[in-house]
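Structure, as structure tokens:
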Amino acid sequence: MYDIIVIGGGPAGMTAAIYARRATKSVLVLEALTCGGQIINTPDIENYPVEAHISGFDFSNRVYEQAKGLGAEFAFEKAVDIKDEGSVKTVVTTKGSYQAKAVIIATGSENRKLGLEDEQRLTGRGVSYCATCDGNFYRNKVVAVVGGGNTALEDAQYLAGLAKQVYLIHRRDSFRGEETNAERLKACENVEIVYNSNVTRLISEKRLKAIEVTNKLTGEVRTIELNGLFVAIGRVPENMNFASVAELDEAGYIVAGEDCHTKTEGVFVAGDNRTKALRQLVTATADGAMAATEAVKYLNNMSL
Ligand code: NAP
């Protein structure tokens, strides 16, 4: 029996583990894949206090070492259910189950798909959701990025430094991402921005070899021959397994305020999978601190 189980080893979950351990609570972090979450794909973080530049990979490793150093335990298993039995919560994983007095859900989100035919088959064969993981395969080649948020703008800049030609395809004529990011991208000579357009078809043999792009305003269809397509159209929260203990909004985010409480006593939420105005590294770590602090208060009240 642990005091706290944290589901998800991203910045929110690992920060929660740090705070919980500093309050001397026993902590198990359950992570389905690799610790770090979404930030692991960011080549250069420059908006987190103290470090002017650090890669998402290095950041994640350092937080992981910090949490482990403080005594947090980690298990690499996907949590698929939480059973609320009042003062005891059972977290069911793909390999077994664990018990704790409190649970923090910090599962973040997963890549949104374009929903095109063959998208899944071509993933790893020309279609990618991670520029920093796969960009190196496209040195001096032609690639496109889809999206208009900070991820797409940063991915396109990163790829412009590797590839021969980069197309950025965005469905509107203004960006959701920051102005600074857009201006930096526009200054790259090997980048063409294709506005008001959607990718409407993936053309392939064994691998992706071209995309069909349709202009939403004119209906014009253009075929772009390329080697790689990087999809950066946002993420969707991974909360469906926890709908019995936490209320979800229409988009699937767990409804919770700044105190990170869910509708179930002893179950808290932290990070990108919570309803909130700003999803950034700094707000994820802040949530981790808050959720752990509230969980510790809950545990201390239980033992009174
Ligand atoms: P995002 O901000 O949600 O942007 C998603 C983009 O994809 C939007 O431009 C959206 O278009 C477009 N889109 C969504 N569904 C689409 C579809 N089906 N087809 C075509 N386009 C589609 O996602 P994100 O860029 O991954 O960023 C997520 C969060 O992380 C944001 O808060 C972002 O600021 C943050 N982030 C921060 C940094 C940083 O601070 N360095 C780096 C990366 C990400 P519309 O604009 O038309 O809706």
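For segment 151-162, give me the residue count where each residue is surrounded by fewer than 19 Cβ atoms within 10 Å (Cβ to Cβ) and either among the small types (Gly, Ala, Ser) or near the ligand (Cβ under 8 Å from one of its atoms) (or both).
1
What's the number of the only condition in (1) without any contact (Cβ under 8 Å) to a residue 24 or more places away in the chain; (2) touching a Lys or Arg at 6+ places or on another chain (Cβ under 7 Å); (3) buried (at least 18 other Cβ atoms within 10 Å of the Cβ); (4) not small (Gly, Ala, Ser) that residue 203 fails to meet?
So the condition that residue 203 fails would be (3).
Condition first: under 27 Å from residue 99 (Cβ atoms), aliphatic (A, V, I, L, M) and within 14 Å of the ligand (Cβ to nearest atom). Now tell me which residues in segment 233-284 satisfy that.
Scanning segment 233-284 gives a single hit, 284.
Being of a type outside the set (Gly, Ala, Ser), out of contact with any Cys (no Cβ under 7 Å at 6 or more places or on another chain) and surrounded by 15 or more Cβ atoms within 10 Å (Cβ to Cβ) narrows it down to one of 285, 223, so name that one. Steps first, answer last, please.
On the way: 223 fails: surrounded by 15 or more Cβ atoms within 10 Å (Cβ to Cβ).
Unique residue meeting the criteria: 285.
Could you check, for segment 230-240, whether at least one of its residues is in contact with a helix residue (DSSP H, G or I) (Cβ under 9 Å, 6 or more places away or on another chain) and loosely packed, with under 15 Cβ neighbours inside 10 Å?
no
So, residue 110, is that one among the charged types (D, E, K, R), within 20 Å of the chain's Cα centre (by Cα) and closer than 30 Å to residue 200 by Cα or not? Steps first, answer last, please.
Details: among the charged types (D, E, K, R): yes; within 20 Å of the chain's Cα centre (by Cα): yes; closer than 30 Å to residue 200 by Cα: yes.
Considered against the rule, which asks whether it is among the charged types (D, E, K, R), within 20 Å of the chain's Cα centre (by Cα) and closer than 30 Å to residue 200 by Cα, residue 110 comes out as yes.
Just one of the numbered conditions (1) over 30 Å from residue 241 (Cα atoms); (2) under 20 Å from the mean Cα position of the chain (by Cα) is not true of residue 126; which one?
It is condition (2) that residue 126 fails.
Every read-out reported here was derived from the displayed coordinates using simple, explicitly stated rules and does not represent laboratory data. If you're wondering where the values come from, they're calculated on a predicted model, not measured in any experiment. We place every Cβ from the backbone using ideal geometry, glycine too, and count neighbours over all the protein chains shown.
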